[in-house]
Amino acid sequence: MISIQLPDGSKREYPGPVTVAEVATSIGAGLAKAALAGRVGQGDGARVVDTSHRIDRDTQLAIITDKDAAGLEVIRHSTAHLLAYAVKALFPDAQVTIGPVIENGFFYDFAYKRAFTPDDLVAIEAKMTELARKDERVERRVLPRDEAVAHFKAIGEHYKAEIIASIPAGEDVSLYREGAFEDLCRGPHVPSTGKLRHFKLMKVAGAYWRGDHRNEMLQRIYGTAWGTKEELQHYLHMLEEAEKRDHRKLGRELDLFHIDEHAPGLVFWHPKGWALWQQVEQYMRAVYRDNGYQEVKGPQLLDQSLWEQTGHWDKYREQMFTTESEKRDYALKPMNCPGHVLIFKQGIKSYRDLPLRYGEFGQCHRNEPTGGLHGIMRVRGFTQDDGHIFCTEEQILGECVAYTSLLQKVYADFGFGDILYKVATRPEARIGSDQVWDKAEAALMESLRASGCEFTIAPGDGAFYGPKIEYTLKDALGRQWQCGTMQVDFSMAQRLGAEYVTESSERVAPVMLHRAIVGSFERFIGMLIEHHAGALPAWLAPVQVSVLNISDGQSEYARDVVKTLQKQGLRAAFDLRNEKITYKIREHSMQKVPYILVVGDKEKANGAVAVRARGNQDLGVMPLADFSQKIAADIAHKV
């Protein structure tokens, strides 16, 4: 008898070997119909298998459906094969290469004599739908490596043969067939193509064979696949919204910034964009001031020897911009940490001085590859709200608790209310004793518990010098942005000779806490633009109030209104053009200005303004003083 334990703890016994599909059928017809795969085993030894997999010993089994994350991956993996099947059916001369699952979908690379067109994508997707409706069985077979190489060479699939030939000799490989198409794959796959119903092809891009620019260029077709029609529609809607919110598009439309070919990966900030930048910077400067940080400023260029001492020269050399002067080599700093250690080292520090908190709006440069640059989200020159706390081991917990509370308030003020927390723990290759790591990891976890935060663990993802907390934001579309960090570092201060005098007059290296709240200003501003769809809250908006006159008779009054508001510290501008008022209202509305004030003869006579709030809200006519109080309240409460 074979005993199989199910996720609910119940057990089922079978007289002999049984497939995953047969177990599902024995549980119920509904589950059998929904089954996509199975998870056999437990813990780290569990693996996902086809429904045709035969179980011949006692084990644990979970039936995987489209409601499971693993089921969605199986769907996407299988849909990539369906894509290749359709391409081969329509373009028999095309050669298939690789087709992995990626976030939210899949892709498949093809070698073909001409470029695929948008019309080709429509035809391929239609063919995929036709093949899926046939509901053909997906069958697995195993061949010795050399037989598999010969098989794919015989059918003209030379790329696939090359992949298999790179597998060690003597090993077997698995192949999956559906209808007339057979592909190399480790699996698992859905039991039949009829399970694949909710997919869409997205775009075609170029990709080098095996990711090497020295190899030939292939064509990569991207697609997305989901378990239900509703999930697919939601995802496509989210993509439409993301396109509308794209910070590059809004940056142009709102005249905030641009990227120029003369300075790839570097940002040219326009007046309105720089006004937004200044709001973020001045806000963060106040955060530093009110929470015990001393603002510092380090140089851009530092001698190569410093980067060798810290270990960055070995790890980051390819990402660092370097220069030479008088036969000395320098690097533009990719990070601010070593500079803060050098500042700490000036003068004798006592345990009474700790914790010592430094903050810097430090400009950094990293030589990111051109293909990785993305608007202001990923650049070569950026400014960080970089902070470092020098403290004792006993102070780690208290500093982390205070930091998490501070970070939550900052994110809430910027409009982000949903934060995910993750603790990355010790990697195998690390420095420091287990006792120190125990204390540091415990402090990070306890700090999150004390802050009422649920968190996940990322085993082994910490830095070699210490564990860290990663703070990830969810935006208005549910997208996740890893933003803030708190890292515990036992290494850098010691490597650079930083010390403090203990209560017993010993000299020891301080613990160094690396922390950033918004991280890169450029990236964070890009996030803000996309999260708010360009409609920034009044306290951040580059122009908070636009004052529009109806005719020339109110021009002087409009100027006076703007002067009054500007004296109150508001970013106000007037539009006195000889245009219809409806045209001017529409234009300033498209610029997403929080408040538009319209002034005509009646408003001029009464010292009043007609107020329109963003979103086409008519708030009526009110005295200018009342409007001033209203917007002041919005700004004070970060509305």
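The values are calculated or read from the model by the stated rules, or taken from the named source; none is laboratory data. Since we're looking at a predicted model, the values are computed, not measured. Cβ: placed from backbone, ideal geometry, glycine included. Neighbour counts: every protein chain shown. Only protein heavy atoms, including side chains, enter the accessible area calculation; ligands, DNA and RNA are left aside. Shrake-Rupley method; radii C 1.70, N 1.55, O 1.52, S 1.80 Å.
A few remarks follow.
- Filtered residue count, region 323-373, keeping only those that are polar (S, T, N, Q), under 24 Å from G398 (Cα atoms) and at pLDDT below 95: 1
- Meets criteria (out of contact with any Lys or Arg (no Cβ under 8 Å at 6 or more places or on another chain), in a helix (DSSP H, G or I) and within 30 Å of H637 (Cβ to Cβ)) for K409: yes
- The residues of region 443-453 that are open to solvent by 20 Å² or more (accessible area, probe 1.4 Å) and either free of Cβ contacts under 8 Å to residues at least 12 places away in the same chain or assigned to a loop (DSSP other than H, G, I, E, B) (or both), listed by number, are R449, S451, G452.
- In region 175-195, the residues that are open to solvent by less than 10 Å² (accessible area, probe 1.4 Å) form Cβ pairs under 7 Å with partners that are of a type in the set (F, W, Y), at six or more places apart or across chains, as follows: E178/Y85; D183/Y176; G187/Y176; H189/Y176.
- Inter-residue pairs, beta-carbon under 7 Å, first touching a residue at least 24 places away in the same chain (Cβ under 8 Å) and closer than 15 Å to A538 by Cβ and in region 572-592, second surrounded by 17 or more Cβ atoms within 10 Å (Cβ to Cβ) and hydroxyl-bearing (S, T, Y), 6+ apart: A573/S546; H588/S546
- Hits in region 54-65 (condition: open to solvent by 50 Å² or more (accessible area, probe 1.4 Å) and touching a Ser or Thr at 6+ places or on another chain (Cβ under 8 Å)): R54, D58
- Those residues of region 298-315 which are surrounded by 12 or more Cβ atoms within 10 Å (Cβ to Cβ) and either touching a Gly at 6+ places or on another chain (Cβ under 6 Å) or in contact (Cβ under 8 Å) with a residue 24 or more places away in the chain (or both), in sequence order: G298, Q300, L301, L302, D303, Q304, L306, W307, Q309, T310, G311, H312
- Checking I167 against (1) over 36 Å from the mean Cα position of the chain (by Cα); (2) open to solvent by 30 Å² or more (accessible area, probe 1.4 Å), the condition it does not meet: (1)
- Reported count of residues in region 16-27, each being farther than 20 Å from R197 by Cβ, part of a helix (DSSP H, G or I) and without any contact (Cβ under 8 Å) to a residue 40 or more places away in the chain, is 4.
- Candidates G526, G569, G600, G519: the one that is small (G, A, S) and at pLDDT below 95 is G519.
- All positions within region 360-406 that are open to solvent by less than 10 Å² (accessible area, probe 1.4 Å), among the aliphatic types (A, V, I, L, M), outside any strand (DSSP E or B) and over 28 Å from L266 (Cβ atoms): I396
- Subset of region 256-275 [among the small types (G, A, S) and under 19 Å from H365 (Cβ atoms)]: A263, G265
Rundown of residues vs (1) surrounded by fewer than 19 Cβ atoms within 10 Å (Cβ to Cβ); (2) assigned to a helix (DSSP H, G or I), yes/no style:
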site	(1), (2)
E73	yes, yes
V87	no, yes
D93	yes, no
D120	no, yes
L131	no, yes
L143	yes, no
V149	no, yes
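- Scanning region 249-267 for residues that are of a type in the set (A, V, I, L, M), in contact with a Lys or Arg (Cβ under 9 Å, 6 or more places away or on another chain) and buried (at least 16 other Cβ atoms within 10 Å of the Cβ) turns up L250, L254, L256, I259, L266.
- Between Y421, Y411, the distinction of being of a type in the set (F, W, Y), in contact with a Cys (Cβ under 9 Å, 6 or more places away or on another chain) and open to solvent by less than 20 Å² (accessible area, probe 1.4 Å) belongs to Y411 only.
- Residues of region 196-233 that turn out to be without any contact (Cβ under 8 Å) to a residue 40 or more places away in the chain, surrounded by 14 or more Cβ atoms within 10 Å (Cβ to Cβ) and of a type in the set (A, V, I, L, M), as a count: 1
- Condition met for H637 (closer than 30 Å to F416 by Cβ and touching a strand residue (DSSP E or B) at 6+ places or on another chain (Cβ under 8 Å)): no
- Qualifying residue in region 348-359 (condition: crowded, with 18+ Cβ neighbours inside 10 Å and in contact with a Leu (Cβ under 8 Å, 6 or more places away or on another chain)): yes
- Members of region 454-494 found to be in contact (Cβ under 8 Å) with a residue 40 or more places away in the chain, surrounded by fewer than 18 Cβ atoms within 10 Å (Cβ to Cβ) and not in a loop (DSSP other than H, G, I, E, B), listed by number: T472, K474, Q480
- For region 28-53, a tally of residues being in contact with a strand residue (DSSP E or B) (Cβ under 7 Å, 6 or more places away or on another chain) and either open to solvent by 40 Å² or more (accessible area, probe 1.4 Å) or in a loop (DSSP other than H, G, I, E, B) (or both) returns 13.
- Filtering region 538-552 to residues that are open to solvent by 10 Å² or more (accessible area, probe 1.4 Å) and touching a helix residue (DSSP H, G or I) at 6+ places or on another chain (Cβ under 6 Å) leaves W539, P542, I550.
- Residue satisfying all of: in region 385-399; touching a residue at least 40 places away in the same chain (Cβ under 8 Å) and under 17 Å from R507 (Cα atoms); nearest to the chain's Cα centre (by Cα) among these: F390
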